[in-house]
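Report on the structure given below.
The values are calculated or read from the model by the stated rules, or taken from the named source; none is laboratory data. Just so we're clear, the structure is a prediction, and the values are computed from it rather than from any experiment. When we count neighbours, we look across all protein chains shown, and the Cβ atoms used for this are built from the backbone with ideal geometry, even at glycine. Just the protein is used for accessible areas: all its heavy atoms, side chains included, with ligands, DNA and RNA removed. Shrake-Rupley method; radii C 1.70, N 1.55, O 1.52, S 1.80 Å.
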Amino acid sequence: MDLTRRHWSLSAIFLSAAVVTLLIEPQLSSAGTENVAFEVRSKFAGKREKDLGALKAHDAHRHSRLLSAIDLPLGGDSQPESTGLYFTKIGLGTPSRDYHVQVDTGSDILWVNCAGCIRCPRKSDLVELTPYDSGASSTAKSVSCDDSFCSYVNQISECHSGSNCKYIIQYGDLSSTSGYLVRDVMHLDLVTGNRQTGSTNGTIIFGCGDKQSGQLGESVSAVDGIMGFGQSNSSFISQLASQGKVKRSFAHCLDNKNGGGIFAIGEVVSPKVKTTPMLSKSSHYSISLNSIEVGNSVLQLSSGAFDSGDDKGVIVDSGTTLVYLPGSVYKPLISEILASHPELTLHKVQDSFTCFRYYDSLDRFPPVTFQFDKSASLTVSPREYLFQISGDTWCLGWQTGGLQTKDGGELTILGDMALSNKLVVYDIENQVIGWTNHNCSGGIQVKDEQTGAVYTVGAHNLSLSPSSLAVSKLLTILSLLVLFLCNIAL
């Protein structure tokens, strides 16, 4: 979720991804292990008036038995000039109704807009919005203040015994969502074999949003809610794990070449990844960064350059599109990247993006490699950190400033720009994160822990129609080009 939308004390953050696979026990089946699937699309797919400012605003506004696997087909990509975000489709209630929600690796609670909500968006340029109505579901039950789950969420006011448990999530841009907790059935598409799906369901607790403020109430790029995959007990994955239905481990593979990709919950057995420890005191998915290399040169940085108060280290967040660095890191990084190209004339677009005209091969720019603990390294190629806004105009995706902790520390965040074209594994149980380069338009293999069976989960790209995407991308590129030319004129 958008990083400045995150209330840092609540550890609320977003996801951009591809396909999701969960190891889950179906409640209505006694026939052994099964596997599950969701449909996911890009939040920005089909958006007609997105420019670089809107892209950065997105990032700034967000700040046991193991049985089967769930497949979440995704769409979109991580290209700033194209799609940028992802969301999935889930079923809730009895009878089941479909809801489109952001898949967020940083936030901790699933919530959807509810019927009668104040300032909830009524329409969207992405999907048909569906408010959740607990009265229309025969399996919906309210969650009282006496329920232990109620202690996991931030309260609107003092919670009295016998009353409904109410919650509020406040974000850094002063937007907020509030409502009450509901227990109901979630319907999932099960992976029943290699690239095959059936269906199952499970009961979870989620938020029923009855009041939105700020950007959450806007119709542009609106979806029905957010599904959190954070580490706290209130997250979707933690709830399933507490019921013995999933392993607290998930992975994603974001395809910025073809769009879509893979997002999976459960044990990924292939391909193997190199891991580095999570920082134990961080509420986010944070890891310790030791150095940065640009080509063959190691940047000379001060010790503690990546510490930001309570949020030390580097946050790995698939819900952020770009990469954000402290000023003391950003400046030498950009200087070293451009050192071999003194012929370039640089221009700022919307005060944030460094752009230039370039006609040669992108391979003449150096790769950037992040070195982490346990000898884990992550390389971002020029084709991943440079994006094209016209035939010969390119911009750098590295960013600095704007994303800070509540105590003023500068955040270091690796978003989709750095995570694309790699399988990234978040192993919460063993407190490690790992990755490896991978063809995200292919597939990965997940293990059914009870039977030992290994299933292939393929990539998905649930986007809008080709004609809609073509028009959207064309208008986006034209708007970026106009902004670029205006900056040149100035």
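Leaving ligands, DNA and RNA out of it, report the carbon-plus-sulfur percent of the accessible area of region 289-398 at a 1.4 Å probe. If you can, show how the numbers build up before the last one.
Working: 1990 of 4490 Å².
That share works out to 44 percent.
Describe numerically, in nm with one decimal, the distance between label points set 7 Å from Cα along Cα→Cβ at ALA136 and at SER302.
Here the modelled spin labels are 5.7 nm apart.
Accessible area per residue of region 272-436 at 1.4 Å probe, in Å²?
Per-residue value: 39 Å².
Among the listed pairs LYS89/LYS348; LYS141/LYS245; LYS211/LYS247; LYS245/LYS272, which are separated by more than 27 Å between their Cα atoms?
LYS89/LYS348; LYS211/LYS247
Given an 8 Å cut-off on Cα distances and at least 6 residues of separation, report the relative contact order of region 211-288 as a percent.
17
Just read off the accessible area of SER238 with the full protein assembly in place, 1.4 Å probe, to the nearest 10 Å².
Here the residue's solvent-accessible area equals roughly 10 Å².
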